[in-house]
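Notes to accompany the following structure.
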Amino acid sequence: MSKAAKEPQLPAGTMLYEISRIIQGGAAVCRHASSTAAARVQHEHLFPDAHQPRDYALPNPTWNPETKRLYEELSRDPSWRRLPSYEEFAGSRSSMRPEADGKTRLFTRNLDQEGIGFEYCMFYNEAEKRTVCIFQPGPYLGGLTGYTHGGCIATIVDTTVGTGIVHGIGPAMTANLNLDYRNPIPLGSTVLIDSRVEKVDGQKVYTRCQVRSHDSAVLHSEATALYIMLKSGESESRL
């Protein structure tokens, strides 16, 4: 990645220009209570037993002002629904070996200390089949250049796109991810990852994604991805 990489001129209708306009304009309706109730229902559906894991997609003291601001402003917009996030993905239980039960973690939630790894939360727009992730990379995600490691950027992009597809369409797995790095992401900064489903062709889901600074001024990365929908009862190991 080159710090001096020239950012391409983007059309006014780009995805993150739209969300920047939404965020800067704010919204008059507060939906904290309804989003909390929806999260509780989904939580109980995924984890019906006595095990009640922590929802990591809620603010904590390590979030910087930009991360908190974007979270609060998106929470007030009724077109966006906050997605809960736990250290374990309940949908993976069916594919686990018995000896692994209770020992697995979602890769992006595998650290016990707050603020050192992947700090993020996601919001989903049902009407637009669009997912936005507010991402704050911690100091444990550094690369050789001192910026966020490229592999960590690919991980959070893949997680954002995949989460949106699972919540909006159904279970799917990554078949192809093409990522162009435009400008490095400073550790501890806040970026917006904006993913949109462009086309669904049978089991194939085509998506496009951008990663921009919290104010949309800097384009950090662009990506296209192909996901394959899982048929009912189909094992991930067959893909």
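The values are calculated or read from the model by the stated rules, or taken from the named source; none is laboratory data. Being a predicted model, the structure only gives us computed values, none of them experimental. Every residue, glycine among them, receives a Cβ derived from its backbone with ideal geometry; neighbour counts consider all protein chains shown. Remember, those area values only see protein heavy atoms, side chains included, never the ligands or the DNA or RNA. Shrake-Rupley method; radii C 1.70, N 1.55, O 1.52, S 1.80 Å.
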Can you tell me which of 126, 114, 119 is within 15 Å of residue 70 (Cβ to Cβ), open to solvent by 10 Å² or more (accessible area, probe 1.4 Å) and either over 10 Å from the mean Cα position of the chain (by Cα) or at pLDDT 95 or above (or both)? 119
Residues in the stretch 178-188: is at least one touching a helix residue (DSSP H, G or I) at 6+ places or on another chain (Cβ under 9 Å), farther than 24 Å from residue 83 by Cα and among the small types (Gly, Ala, Ser)? no
Among the residues of the stretch 182-193, is there at least one that is touching a residue at least 24 places away in the same chain (Cβ under 8 Å), part of a strand (DSSP E or B) and open to solvent by 20 Å² or more (accessible area, probe 1.4 Å)? yes
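Here are 206, 147: which of them is modelled with pLDDT of 95 or more, more than 23 Å from residue 63 (Cβ to Cβ) and of a type in the set (Ser, Thr, Tyr)?
Working: 147 fails: more than 23 Å from residue 63 (Cβ to Cβ).
Only one candidate passes the filter, namely 206.
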Just the residues that are buried (at least 19 other Cβ atoms within 10 Å of the Cβ) and at positive phi, please, taken from the stretch 195-232. 216
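Name the residue that is surrounded by the most Cβ atoms within 10 Å (Cβ to Cβ), counting only residues in the stretch 133-178 that are small (Gly, Ala, Ser) and in a helix (DSSP H, G or I). Break it down stepwise before answering.
Restricting attention to the stretch 133-178, the residues satisfying the condition of being small (Gly, Ala, Ser) are 138, 142-143, 146, 150-151, 154, 162, 164, 168, 170, 172, 175.
Filter once more, keeping what is in a helix (DSSP H, G or I): 150-151, 154, 162, 164, 168.
On the way: 150: 17, 151: 9, 154: 15, 162: 21, 164: 28, 168: 16.
Per the criteria, the residue is 164.
When you go through 48, 61 one by one, which is the residue that is outside any helix (DSSP H, G or I), on the phi < 0 side of the Ramachandran plot, at pLDDT 95 or above and open to solvent by 50 Å² or more (accessible area, probe 1.4 Å)?
Just one listed residue meets the conditions, 61.
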Regarding residue 102, is this residue modelled with pLDDT under 75 and in a loop (DSSP other than H, G, I, E, B)? yes
Which condition number does residue 210 fail, the rest of (1) under 26 Å from residue 88 (Cβ atoms); (2) outside any loop (DSSP other than H, G, I, E, B); (3) not hydrophobic (A, V, I, L, M, F, W, C) being met? (1)
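Please indicate, with yes or no, whether at least one residue in the stretch 125-132 is of a type in the set (Gly, Ala, Ser) and closer than 19 Å to residue 222 by Cβ.
Looking only at the stretch 125-132, we keep the residues that are of a type in the set (Gly, Ala, Ser), and these are 127.
Filter again for closer than 19 Å to residue 222 by Cβ, leaving none.
So far as the stretch 125-132 goes, no, none of its residues is of a type in the set (Gly, Ala, Ser) and closer than 19 Å to residue 222 by Cβ.
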